[in-house]
Amino acid sequence: MKKNHLIWLTTIVILVGTLLLIARECDRSSKDSKMVKMGVILPLSGKTAIIGEPKKRAFEIALDQFNSPQKRLEIKFEDSQGSATIGINAFNKLLLDKSIDCYYIDLTPIVNACIPTINSNKVITFAGSAEPEVTNLSNYLFRLFAGGDQEIRMMVEYLHRQSVQKVFVLHTNELYGINAFKYLKKMFTDVGGSIVGNDEYPMNNGDFKAQLTKAKSSNAEKIILLGYGNEYPALLKQAMEYDINPDKFVCNLGGSNKSVMELPAKLIENMTFVGPKFSYLLGIGTIEPEMQEFLYLYQKKYNESPDFRAAYAYDMVTIFLSVYGDGSKTDNQIMSELSKIKGYKGASGLISFKENGDTETDLVVAKYKNGTIELLGL
C-alpha cells in the first residue's frame, strides 16, 4: 500500500513539475517573442502576377526563417489582381484585423489609390513602387525599393556624361510611367538635353510597332525605356525587326529584369540600364556575403534564382523585424527608427532610409557586353 502510495506521489510530483516547466517555457516564449503580423497586397493573378509572385516567394522564405523555433511572424496575403479597385478592397479587408503591425502594397497605381486610406488610418505601410517621390504623399509610407527619382537621376547623369543631347522616351501609360517621364524631362532639360519625342503604352502591352516606328523616325540619339521590364523582351525583339539595335536603348531598372537578362545576347548587346546592384552581381556570378543566404534559400526552395524584386521584399521583412524588436515600441518610435537606418547591408545591397520614408538603394549603371554585364562608373 505504502509502495503504491509512493509511486502515485512520485508520479504526481513529476507531473506537476512537468506542467510548471511547460508553463514557465510558455511564459518565457510569450515574453521573448511577440507575434509580428504583416498584411501584404500583391498582384498574384492576371498579367501582373509575374511582378507579384517573386515577392510572395521572398515573403514565404522569411516566414520559413522567422517562424522557427518560436513562431514570430505571420503574413496575411491578399491578391490585388493588378487592379486599384480590388487593391483598395483588399486593403480595407486587412484593416479589419487590428493586430496587423504593418502593411506592404505592391504596384504604383494600387499604392497611390490606397494612400488616402493609409493616411486616415495612420498605419505603417511599405510601398512596392518606383514612382518618384511617392513617400512625400504620406507620413506613414515607406519605400524599400529602387525609387524612380534615384534611377532617373543616375540615367540623366550617365546621358550627360556621354554628351547625349536628344532622347526619345517610351513609358507606360500608368502613374509610374507618366510621373517618371515628367521627372526625367525636367532633369534632362535642366542639364541642356532635349526630349525630341515620347510615346506611352499600356502596362501589359505586347505590340510596340507604332511606338518603335515613332521612336526611330525621331532621330534621337538614345531611346529611354521607363516601364516595368516584363514587357521589354517583346519590345526588344520587335526593335530588332525594325533595325533598332540594343545599344540605342537606355533602360530603367526594368532593363535588369530576370526575363531581360535571360534573352539571347544579340537582343541586349550594349544595352545600358540603371538597375539594382543585386542584378549586376547575379549576372556576373559574384555575390556578396549578405546576399548569399537569401540566394541559397530561394534557390533551394524554388529551384531557380530570384530577381531583384524578391531581394527588396525580403529586406523589407528583415528590416522591419529588426526595428520592431519585442513589440514594446509605438508606431511613431518604429517610424523614427526606420528613418535613422543608414548603410544597412541587405540581400539587395546597401540600404539607407531618408527622413521622408524613402530609401537610397544600391543601384548601378551597367550594360550588357559579350554575354556578361559591364559596370559603367559615374
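Quick look at the numbers
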item	result
Surface accessible to a 1.4 Å probe, residue 85 within the full protein complex, Å²	90
5 angstrom amide H check on residue 126, placed H, neighbours 5+ away	103, 104, 105, 142
Cross-link pairs 277/369; 237/266; 56/258; 166/258; 34/56 - those with Cα-Cα distance over 19 Å	166/258; 34/56
Nearest-20 debye value, the chain charge dipole, Cβ charges on Lys, Arg, Asp, Glu	780
Amide H contacts of residue 145 (H built 1.01 Å from N, under 5 Å, at least 5 apart or other chain)	359
Integer Hz, Karplus 6.51/-1.76/1.60 couplings in order for the stretch 183-200, x for Gly and Pro	5, 5, 4, 5, 5, 6, 5, 5, 9, x, x, 9, 8, 8, x, 7, 8, 10
Proximal aspartates and glutamates relative to residue 76, as straight alpha-carbon distance under 12 Å, when same-chain residues fewer than 8 apart are discounted	60, 97, 101
Amide H partners (placed H, <5 Å) of residue 227, local residues excluded	252, 254
Probe 1.4 Å - accessible area at residue 368, Å² to nearest ten	10
Space enclosed by the convex hull of the alpha-carbon atoms of the stretch 239-327, per residue, Å³	118
Stokes-Einstein D for the chain, Kirkwood Rh over Cα pairs, 4 °C, 1.567 mPa s (µm²/s)	58
Within the stretch 151-211: Cβ-based charge dipole about Cα centre, in debye rounded to nearest 20 (Lys, Arg +1; Asp, Glu -1)	240
Mean separation of Cα contacts under 8 Å (6+ apart) over length of the chain, as relative contact order %	15
Where Rh is the Kirkwood radius over Cα pairs, Rg/Rh for the stretch 36-143	0.96
Per residue accessible area of the chain, 1.4 Å probe, in Å²	44
Of all accessible heavy-atom area on the chain, the percent that carbon and sulfur account for (1.4 Å)	53
Mean projected area (nm²) of the alpha-carbon convex hull when the stretch 335-378 is viewed from all directions	4.1
Computed log₁₀ I(q)/I(0) - Debye formula, equal Cα scatterers, no solvent, the stretch 256-378, q 0.14 Å⁻¹	-0.67
Isotropically averaged projected area of the stretch 104-160, using the convex hull of Cα atoms (one quarter of hull area), nm²	3.8
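The values are calculated or read from the model by the stated rules, or taken from the named source; none is laboratory data. Just so we're clear, the structure is a prediction, and the values are computed from it rather than from any experiment. Virtual Cβ from ideal backbone geometry, glycine too; neighbours counted across all protein chains shown. To get the accessible areas, we keep the full protein, side chains included, count just its heavy atoms, and leave off ligands, DNA and RNA. Shrake-Rupley method; radii C 1.70, N 1.55, O 1.52, S 1.80 Å.
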